[in-house]
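The structure appears below as structure tokens.
The values are calculated or read from the model by the stated rules, or taken from the named source; none is laboratory data. Because the structure is predicted, anything quoted here is derived from the model rather than measured. With ideal geometry, Cβ positions are generated from the backbone for all residues, glycine too; neighbour counts draw on all protein chains shown. For accessibility, only protein heavy atoms count, side chains too; no ligands or nucleic acids. Shrake-Rupley method; radii C 1.70, N 1.55, O 1.52, S 1.80 Å.
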Amino acid sequence: MSATATGSTATGPTAIRPTATPEIATQEIAGKAAAAGDNPGELLEISLGPHHPSTHGVFRMDVSLDGERIVKLKPVFGYLHRNHEKIAETASYLAAMPYTDRLDYMCSLSNNWAYALSVEKLAGLQVPERAEYIRVITAELTRLQNHASTIGFLIQEMGASGTPLMYAFREREKILDLFESLSGSRMMCNYMRFGGCRVELPAGWLDEVRKVVAEFPRFLDEFERLLAGNEILMARTQGVGVLSKELAIQGGITGPILRASGVNYDIRKVDKYGIYDRFDFKVPIGAHGDVYDRYMIRMLEMRESVKILEQALRDIPSGPIMDPKSKIRGFRPKAGEAYGRIESPKGELGFYLISDGSPNPYRYRVRPPSLINLTVLEDMCRGYNLADTVVIFGTIDIVLGEVDR
Amino acid sequence: MNLEKVKSDIEAAVPGCRLQIVVNGSPSGQHSLLLDREHAFAVAKFLRDDPELCLDYCSNVTGVDWPDTEGSGYLEVVYHLYSTVKKHGPLTVRMRTEDRKDAVNLPSFTPLWRSAEFQEREVFDLYGVVFDGHPDLRRILMWDGFEDHPMRKDYVDPDDYEYEPTAHDAVLKRALEHSNRDEKAGGCQ
Amino acid sequence: MLGEGIAKGLAETARNFFGSYVSKERLTTVQFPEERLPQPEAARDFPFLVYDGPDWQAGLRCVGCQICEKECPPKCIYIEKSKDKKPDALGKPQFYPAVFNIDISVCMSCQICVEVCPFEAIKMDTEFELSTDDRFGGLLWDKSQLAKSNEHYNKIHPTEAAEVDARLAEEKAKAEAKAKAAVQAAAQAAAKAAEAKASPAPPSAPPSGSAPSDSAPSGSAAPSAPATSSSSSTVAKND
């Protein structure tokens, strides 16, 4: 029993942690510590990436190897650096909104929400009830499709080329279709505005969502049948890339990785931003902090998201979707600053804004979960085989658009 | 968290430190604490280890450039601290450099919170704040040979880009200047 | 038993594989160029300029106010305002864009130009097969390429366009009523003045007072619409 109940908010014991037959499971995981520099002269240095298919974009790891074992690993990035923050500081508040879509391009609606939330804090805008529900629905759909594809990619990186990823993408596509009919774009949604949402839901959209949400658990069951007991999966993931609770907190790790290490910290529960205090859902907590737990946590989180969606779809009221005080043109918040954060699928996504009363933000800062979750990559990989780094890296779930900005 | 109380707690725990509450005028009401450079590390250590505050999670580290404030201006580094145990936060903590040219050193908080490691590197890279005590202070987003600090307000981007005709007049103007300069220089590049 | 989990997983793939022969739900691939899914109504890619009536040059709604140029995040719009004025659909003399270029290789389809436009003049198209072998000229569109009729807009976004049309019609009716009231007021004032000048003479105003109400529907024939009414209505819109 691993990715299960610890703490009052944790989820029920739906998770199973089957162990593979001993001959595979115990295989030489113990010898991690033997790696470091007995023989520094004979280390092999290789550069993994930036065009390696497992790096999710242009990302490089400078790896020093002792035989097959990792001794040193330095992540190198910045290849996709566009200075998003500088661009936003030279444009109006509204003009930064479409750029936030391009941070973590898998989860544009979460990014929109985080930015809108920060600006609302800065300017003191109130979000109408209906808009809050729409935000929860879109953000949870985003979480579903992000976790589904992350798991798909993870399995792909373990060598199951194609099949699980395609099943995940089949589901993701249904959700992206919903986004397209809502906002006009599948991935670059640019949907939320300061004090609400841009347009009213199209006719029949909620029914479409209900259909997708009702069908989603079927996919989760299918995925579990496909993988949960798979011996190869267990051998590759259990006990690999262990991240201790202390290091996870110290390293500022957030999101599913933090919770897989056994820390009960979910910003939806801690900050209760938006209307998350109205929903009944649990936070899955892991116990081992290994790759398997991070995989399982995401599976469980999807089930919880489905629960939130069902409640939100049941309760969504009618009414306005924009704060009447909000303005499209000539938006100038008072001088001051605000830090707003949400639980994006990747972790804590925060925006720190300083206004000097002009139409442009004086300082616009993104706190990117993908970048900060990379801090402990070296610690997670040290002592494991080179092939394991790819898997460990896959569970961090980064998007380079957000790392490099 | 009551900022006044936090301030008096720190003053009791770290004798000699000079703290100042920076009032935030926006409706967010997130006021912050300005630390002095000499005692900042001790104060941060107290904030992390104090059982009541227990700010064990440093979420956000960022730089801000204030070129026109107080004479020659200064660079500022802002930390947002939370607690995963007590579930409270953010406590906003800031530090200021002496000026923007030579005295740009600040103590690094990376030994206390490793989450500051990459973010302080980023502030070093984009703002030019030098963090004393950082284990690995290198450029992170820009490449190693790069000279300037692009997020500073007075940054001028180098005139070395490839011109593509676009509709936008400002780009067009710069592109013309660029090509004129090239012609004068003998048409290289 | 070792291998049991793998066997279970393979059974699942087999179910999907054979299922794809019988169930449409498991066969989700669409053979794109031959088979096409309908686009949702909200779909957007690049902006176009809306014109009313048959002639795109006369009917262009854009007045060259340059708000979209200023707000465009990637700065892909380039506008030069005209020196002279031309009557718009309501008959008011307005500026028009002498040059209106959009570099669609820079455009990121965010539709902020649509949101900030106070004149409903720029909207998002749904045409996406725009590949060209001319990298620079072919993707820099001028206003003749950008202008598309209101009928086209109604075809691609029917719900949204119907709302816009209703709103514009309302505004037009309001503007006309205002113009009419202004003309009447002017006529009355003129009549009064005439009365004051020659008190015994009967008011000669009625013909000039009734004329505007006849000519009101044809917007273009109101060159003498008082400057006050047109300027006040633009101010209200630009607010």
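When Rg and the Kirkwood radius Rh are both evaluated on Cα atoms of region A:28-167, their ratio Rg/Rh stands at 1.12.
Surface exposure of region C:41-166, expressed per residue as accessible area with a 1.4 Å probe, stands at 44 Å².
Put simply, the convex hull of the Cα atoms in region A:205-364 casts, on average, a shadow of 12.6 nm². Each peptide in C:103-109, A:289-295 was scored by the mean count of other Cβ atoms within 10 Å over its residues; highest first, the order is A:289-295, C:103-109. Kirkwood radius for the protein assembly as shown, taken over all pairs of different Cα atoms as the inverse mean of 1/r, rounds to 29.9 Å. For region C:102-192, chymotrypsin sites (Phe, Trp or Tyr not before Pro) meeting the loop criterion (DSSP other than H, G, I, E, B) and having at most 14 other Cβ atoms within 10 Å: C:Phe128, C:Phe136.
Percentage of Cα-Cα pair distances in region A:62-144 greater than 19 Å, rounded to whole percent? The proportion of pairs with Cα distances above 19 Å equals 55 percent. Annotation for C:Arg15 and C:Lys174: the two label points, set 7 Å from Cα along the Cα-Cβ direction, are 6.0 nm apart. Estimated at the nearest 10 Å², the accessible area of A:Tyr364 is 0 Å² with a 1.4 Å probe. Remark on A:Ser344: its backbone amide H falls under 5 Å from those of A:Leu349, a criterion applied only to residues 5 or more positions apart or on other chains, H modelled at 1.01 Å from N.
Kirkwood hydrodynamic radius of region C:41-166, from the reciprocal of the average inverse Cα-Cα distance over all distinct pairs: 14.8 Å. Taking one quarter of the surface of the convex hull spanned by the alpha-carbon atoms of region A:326-371 gives a direction-averaged projected area of 3.8 nm².
Spacing of the modelled spin labels on A:Asp177 and A:Lys211, each 7 Å from Cα toward Cβ, amounts to 0.7 nm. Size descriptor for region B:3-157, Kirkwood hydrodynamic radius: 16.1 Å (Cα pairs only, one decimal).
For the set A:Lys282/A:Lys307; A:Lys86/C:Lys75; A:Lys72/A:Lys245; A:Lys121/A:Lys334; A:Lys327/C:Lys155, the pairs lying more than 18 angstrom apart at their alpha carbons are A:Lys72/A:Lys245; A:Lys327/C:Lys155. Per residue, region B:3-157 exposes 40 Å² of solvent-accessible protein surface, assessed with a 1.4 angstrom probe and all protein chains in place. Region C:122-180 and region A:306-344 have Cα centres separated by 30 Å. Short-range pairs are left out: with C-alpha atoms under 8 Å and at least six residues apart, the relative contact order of region B:3-157 is 17 percent.
Build a GNM of chain A with springs between Cα atoms under 10 Å apart, and of A:Asn385, A:Asn230, A:Asn360 the one that fluctuates most is A:Asn230.
Restricting region B:57-147 to GluC sites (Glu not before Pro) that sit in a DSSP loop and have at most 13 other Cβ atoms within 10 Å of their own Cβ leaves B:Glu70, B:Glu147.
For the pairs B:Lys153/B:Lys173; B:Lys86/B:Lys153; B:Lys101/C:Lys70, flag any whose C-alpha to C-alpha distance is greater than 26 Å. Violating the 26 Å Cα-Cα cut-off are B:Lys86/B:Lys153; B:Lys101/C:Lys70. Across chain A, C-alpha contacts under 8 Å between residues 6 or more apart give a mean separation that, scaled by the residue count, equals a relative contact order of 27 percent. Peptide packing: for C:67-73, A:341-347, the average count of neighbouring Cβ atoms within 10 Å per residue gives the ranking A:341-347, C:67-73, highest mean first. When both region C:47-81 and region A:75-131 are represented by their alpha-carbon centers, they are found 27 Å apart.
Across region C:41-166, the relative contact order, built from alpha-carbon pairs under 8 Å that are at least six residues apart, equals 34 percent.
Mean per-residue shielding of peptide C:42-49 is 3, counting Cβ atoms of other chains within 10 Å of each Cβ. Taking the protein heavy atoms of region C:45-166 in the context of the full set of protein chains, the accessible area attributed to carbon and sulfur is 53 percent at 1.4 Å. Counting only heavy atoms of the protein chains and using a 1.4 Å probe, A:Lys272 has close to 100 Å² of accessible surface.
Treating each Cα of chain A as one equal point scatterer and applying the Debye formula with no solvent, the log10 of I(q)/I(0) at q = 0.08, 0.12 Å⁻¹ comes out as -0.43, -0.94. Accessible surface buried by the A/B pair amounts to about 3700 Å², both sides summed, 1.4 Å probe.
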